Amino acid sequence: MDADCHASIYDGVRMGDAQIIRFKHNDAADLDKRLARLAKKPGNKLIVIEGIYSMLGDKAPLDEIVAVKKKYEDVYLLSDEAHSLGVLGRYGRGLPEEMGLEDDVDFIVGTFSKSVGTVGGFCVSSHPQFDLLRLACRPYIFTASLPPSVVASAKASLALVESGGALRKRLMRNAEHLHKGLSALGFTLGGDVSPVVAVVAPEVEIGVAFWRGLMDGGVYVNLALPPATPQNFTLLRCSLCAAHTIEQIDRIIEVFAGVAESLDMLPAQSGKKAALG
């Protein structure tokens, strides 16, 4: 599993009997090295990654990981598309669809609590014995069924996701606008352009003070603190949607700049102290 996988994935793998091996985040070469050590050992191997990583907002190098997977026998690939469902791909099915690699990903899991706007989740696969999970997966067996109203809402949302190409374009325009604006101010961002824009703070105390300043300015972001973050970063995690307007995003950038100024952390190009990160 990728070292930066979500805490829920860590909890899930700990429920199984498999040996757990982490590889460096988004490092296909490190994955290759670790699989090579296991090549002669019996048993199946499952690679677990995410399409868009929840904390830093960066994407998995799926093409490189698929290439490594194909080098070995009895190796399967699972991708968690929780943060890329509805966001990536022509029909919003996530990173595998966007990269044309759906047939190379053996299991795709995701949640209805993000883009779909309800609760619950899913796992899909073309594996011939996939239905055995219905009999062997304890969390599935012993979880109550979703209420019909929630299922109906999820189905309606999925139909909108499938036809929501215009919304996806607007969402990515919003992400690019915020990413560009914060980068221009001198902030260090956690990943490439995506709807999750994570601003890296140099230390916990500054991150907390900055978060409070944003709240006072009318901007709410998630404050993510170590040890629950990759590389023990302190993160101000912005989550965008297609409903945000450019004017609202400009206001967010303006508030970020104002808080940086109030904390004597003006952008480097001003000739004063550098901004966060």
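Order 31-37, 187-193 from most to least packed using the mean count of other Cβ atoms within 10 Å. Walk me through the intermediate numbers first.
Details: 31-37: 15.6, 187-193: 18.7.
Those peptides, ordered most packed to least, come out 187-193, 31-37.
Arg212 to Ser126: extension gain in nm, 0.36 nm per residue of separation minus the Cα-Cα distance?
Values: separation 86, 0.36 × 86 = 30.96 nm, distance 4.72 nm.
Answer, rounded to one decimal: 26.2 nm.
How far is helix 148-162 tilted, in degrees, relative to the longest principal axis of the Cα atoms in the chain, given as a value from 0 to 90 rounded to the nearest 10?
Result, in degrees: 70.
With θ taken as phi - 60° and the coefficients 6.51, -1.76 and 1.60, list the Karplus ³J(HN,Hα) couplings across the range 53-60 in order, rounded to whole Hz; mark glycine and proline as x.
Couplings: 6, 5, 8, 9, x, 8, 9, 6 Hz.
Can you list the HN-Hα couplings for the range 247-263, worked out from phi with the Karplus curve (6.51, -1.76, 1.60; θ = phi - 60°), rounded to whole Hz and with x for Gly and Pro?
For the range 247-263, the Karplus-derived couplings read 4, 5, 5, 4, 5, 4, 4, 4, 5, 4, 5, x, 5, 4, 5, 5, 9 Hz, x marking Gly and Pro.
Taking Cα atoms, how many degrees apart are the long axis of helix 204-216 and the longest axis of the chain, rounded to 10 and kept between 0 and 90?
For 204-216 against the chain, the angle is about 70 degrees.
Mind ordering 136-145, 52-61, 99-108, 118-127 by average Cβ neighbours within 10 Å, highest first?
Working: 136-145: 8.8, 52-61: 22.9, 99-108: 17.3, 118-127: 14.5.
Per-residue Cβ counts within 10 Å, averaged per peptide and sorted highest first, yield 52-61, 99-108, 118-127, 136-145.
Enumerate the whole-percent occupancy of each 5 Å bin, from 0 to the last occupied one, for all C-alpha pair distances of the range 165-270.
In whole percents, the pair-distance histogram is 2, 13, 24, 26, 20, 10, 4, 1, 0.
What length, rounded to one decimal in nm, is gained on full extension from Gln231 through to Asp264, with 0.36 nm per residue of separation minus their alpha-carbon distance?
Value of the extension gain: 9.3 nm.
Out of all DSSP beta bridges with both ends in the chain, state the antiparallel percent to the nearest 5.
Details: 16 of 26 bridges.
Close to 60 percent.
Hey, what do the phi angles of the range 34-51 turn into as Karplus ³J(HN,Hα) couplings, whole Hz, using 6.51/-1.76/1.60 and θ = phi - 60°, x for Gly and Pro?
Listing the rounded values in order: 6, 5, 4, 5, 9, 4, 9, 8, x, x, 7, 10, 10, 8, 10, 9, 10, x Hz.
Taking the chain as a Gaussian network, where each spring joins two C-alpha atoms under 10 Å apart, which residue of Ile252, Ile65, Ile206 fluctuates the most?
Highest fluctuation of the listed residues: Ile206.
Grab the other residues whose beta carbon is less than 12 angstrom from that of Arg37, score K and R as +1, D and E as -1, and report the net. Before the final figure, lay out the partial values.
Details: positive: Lys33, Arg34, Lys40, Lys41, Lys45; negative: Asp30, Asp32.
So the surrounding residues net to +3.
Show which lysines lie in cross-link reach of Lys114 when reach means a straight Cα distance below 20 angstrom and same-chain residues fewer than eight apart are skipped.
Lys59, Lys155, Lys169
Express in nm, to one decimal, how much length is gained between Glu176 and Asp63 on full extension, taking 0.36 nm for each residue of separation and deducting their alpha carbon distance. If you can, show how the numbers build up before the last one.
Numbers: separation 113, 0.36 × 113 = 40.68 nm, distance 2.33 nm.
Full extension from Glu176 to Asp63 adds 38.4 nm.
Between Gln248 and Ser163, what is the label-to-label distance in nm when each label sits 7 Å out along the Cα-to-Cβ direction?
If labels sit at Gln248 and Ser163, their model points lie 2.4 nm apart.
Every number in this text was worked out from the coordinates using simple rules, so none of it is lab data. Every value quoted in this text rests on a predicted model; they were computed, and no experiment measured them. Don't worry about glycine lacking a Cβ; one is built from the backbone with ideal geometry, like all the others, and counts go over all protein chains shown.
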